[in-house]
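What follows is a set of notes on a single structure, which appears directly below.
Just so you know, all these numbers are worked out from the coordinates, no wet-lab data involved. As the structure is a computational prediction, the values presented were derived from the model and not from experiment. Counting neighbours? That spans all protein chains shown, and the Cβs are built from the backbone with ideal geometry, glycine included.
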Amino acid sequence: MRPYILAETNWEALKDAQFELAVLPWGATEAHNYHLPYATDNIEGKYLAAASAKIAWEKGAKVIVLPGIPFGVNTGQSDIYLDINLNPSTQFAILCDIADTLNRQGLRKLLIFNAHGGNDFKPMVRELGLKFPGMFFCIANCFSTVDKKLFFVESGDHADEMETSLLLHLKPELVLPKERWGNGKEKKNKIKAFAEGWAWTERKWSQVSEDTGIGNPHLASKEKGEKFFNAIAQKMGNLFYDLCEADVDNLYE
Ligand SMILES: [Zn+2]
């Protein structure tokens with residue numbers, strides 16, 4: 001029983017407890033190339049949030065990790081079988097209800113711990129801030145924590161070398177054998193501005209990638225996954241600690 005994981009702790013431990021920071025992992029349920037499980041983002045978010053919280057907790061931080069939300073925004077994958085979409089407006093409604101509970105009970109800080117590229121919480125955090133002025137909301141994206149280039153050769157953003165390495169580290173029993181991995185080849189938009197990234201439109205996933213992956217996974221390894229995982233957990237653990245210690249009404253110097 002880890003005292004910083006809400007799903008594992010109990011009323012005996014919590015009836016007189018007071019936490020500083022709640023962490024809400026948020027993933028997605030979606031195809032990840034041929035070879036990774038649909039829960040890939042949820043597994044990554046769950047394990048990373050727990051490892052980061054452990055580091056902060058052991059330094060004395062009062063952090064609690066909430067059960068993760070297993071569905072994310074998958075509007076661009078509407079024709080990919082059993083990719084389950086939550087609309088952004090639904091996500092906002094969920095956040096409002098969670099914030100309402102925390103706010104009523106005096107847990108003022110909420111970190112949304114995002115593990116899925118299609119989730120975009122920034123506009124929601126802006127709006128939540130107005131709705132719950134007594135609270136502090138923030139977002140951390142797991143995979144922007146450290147420079148991927150220091151760990152991986154091939155770039156990508158979905159079921160790529162990075163995600164395959166993480167799953168080989170966390171849940172190797174759920175990764176298909178290497179000969180069944182797709183190449184994660186991405187087709188680029190014919191309009192140059194989108195391909196260059198300075199204009200944006202949602203990618204129609206089934207037209208962009210044959211195997212649903214984006215990024216070649218073939219150089220993935222368990223060792224790379226472990227190193228990357230530990231580097232993220234260390235930095236996130238420091239963030240959890242800093243958030244617990246911070247006076248959020250006096251953040252600037
Ligand atoms: Zn993913």
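Let's test the formula: R0 of 41 Å, r as the Cβ-Cβ distance of residue 222 and residue 195. What FRET efficiency results, to the nearest 0.05?
Working: r = 33 Å, r/R0 = 0.81.
After rounding to 0.05, the efficiency reads 0.75.
Please give the net charge around residue 214, taking every other residue with its beta carbon less than 9 angstrom from that of residue 214, where Lys and Arg add +1 and Asp and Glu add -1. Intermediate results must be reported in sequence, preceding the final value.
Working: positive: 185, 203; negative: 157, 160, 186.
Here the charged neighbours net out to -1.
The coefficient of translational diffusion for region 48-142, derived via Stokes-Einstein from the alpha carbon Kirkwood radius under 4 °C and 1.567 mPa s, stands at 89 µm²/s.
What is the packing order of peptides 38-45, 224-231, 66-73, 12-19, taking the mean over residues of other C-beta atoms within 10 Å and listing the highest first?
Working: 38-45: 23.8, 224-231: 18.2, 66-73: 19.8, 12-19: 10.8.
In decreasing order of mean packing, 38-45, 224-231, 66-73, 12-19 become 38-45, 66-73, 224-231, 12-19.
Note on the chain: antiparallel DSSP beta bridges, both residues inside, total approximately 15 percent of the bridges counted. The 3J(HN,Hα) values that the Karplus relation (6.51, -1.76, 1.60; θ = phi - 60°) gives for region 110-115 are, in residue order, 10, 10, 8, 9, 8, 10 Hz. Gly and Pro appear as x.
Using the count of nearby Cβ atoms within 10 Å as a rough guide to exposure, how do 126, 108 rank from fewest to most?
Working: 126 10, 108 19.
Fewest to most other Cβ atoms nearby, the residues stand as 126, 108.
The C-alpha atoms of the chain define a longest principal axis, and helix 122-131 lies at about 20 degrees to it. Listed by chain and number, the lysines placed with their C-alpha closer than 17 angstrom to that of residue 188 are 204; residues fewer than eight positions away on the same chain are left out. Over every Cα atom in the chain, the radius of gyration and the widest Cα-Cα span, Dmax, amount to 18.7, 59 Å.
Is there a pair in 59/235; 46/227; 122/185; 122/149; 149/222 whose C-alpha atoms are over 20 Å apart, and which pairs would that be?
Numbers: 59/235 13 Å; 46/227 17 Å; 122/185 29 Å; 122/149 25 Å; 149/222 17 Å.
Result: 122/185; 122/149 exceed 20 Å.
Treat the count of other C-beta atoms within 10 Å as a stand-in for reagent exposure and order 78, 209, 221 from fewest to most.
Numbers: 78 11, 209 22, 221 14.
Going from least to most buried by this count: 78, 221, 209.
Between residue 75 and residue 183, the FRET efficiency from the beta-carbon distance, with R0 = 22 Å, is close to 0.30. Applying Stokes-Einstein at 37 °C and 0.692 mPa s to the Kirkwood radius of region 129-253, computed over alpha-carbon pairs, gives a translational diffusion coefficient of 190 µm² s⁻¹. Working note: Karplus 6.51/-1.76/1.60 with θ = phi - 60° gives region 55-64 the couplings 4, 5, 4, 5, 8, x, 7, 8, 10, 10 Hz, where Gly and Pro are set to x. Build a GNM of the chain with springs between Cα atoms under 10 Å apart, and of 217, 177, 37 the one that fluctuates most is 177. Summing charges over neighbours of residue 132, with a neighbour being any other residue whose Cβ is under 13 Å away from its Cβ, gives +2 when K and R count +1 and D and E count -1.
One Cα centroid belongs to region 129-177, the other to region 1-27; the line between them spans 23 Å.
For the chain, a Gaussian network of Cα nodes joined below 10 Å ranks 25, 88, 133 by mean-square fluctuation, and the top entry is 133.
Return the single residue from 103, 119, 216 with maximal mean-square fluctuation; model: Gaussian network over the chain, springs between Cα atoms under 10 Å. Greatest mean-square fluctuation among the candidates belongs to 103.
Exposure proxy for 203, 104, 2: other Cβ atoms within 10 Å of each Cβ, ordered fewest to most, give 104, 2, 203. Working note: 222 nm ellipticity from helices only, DSSP H runs with n ≥ 4, each -39,500 (n - 2.57), summed and divided by the residues of the chain, gives -11500 deg cm²/dmol to the nearest 500. Would you compute the Debye intensity of region 1-110 from its alpha-carbon atoms alone, equal scatterers and no solvent, and pass along log10 I(q)/I(0) at q = 0.19, 0.21 Å⁻¹ to two decimals? For region 1-110, the Cα-only Debye profile gives -1.02, -1.14. Restricting the calculation to Cα atoms, region 141-187 yields a radius of gyration followed by a Dmax of 11.4, 31 Å.
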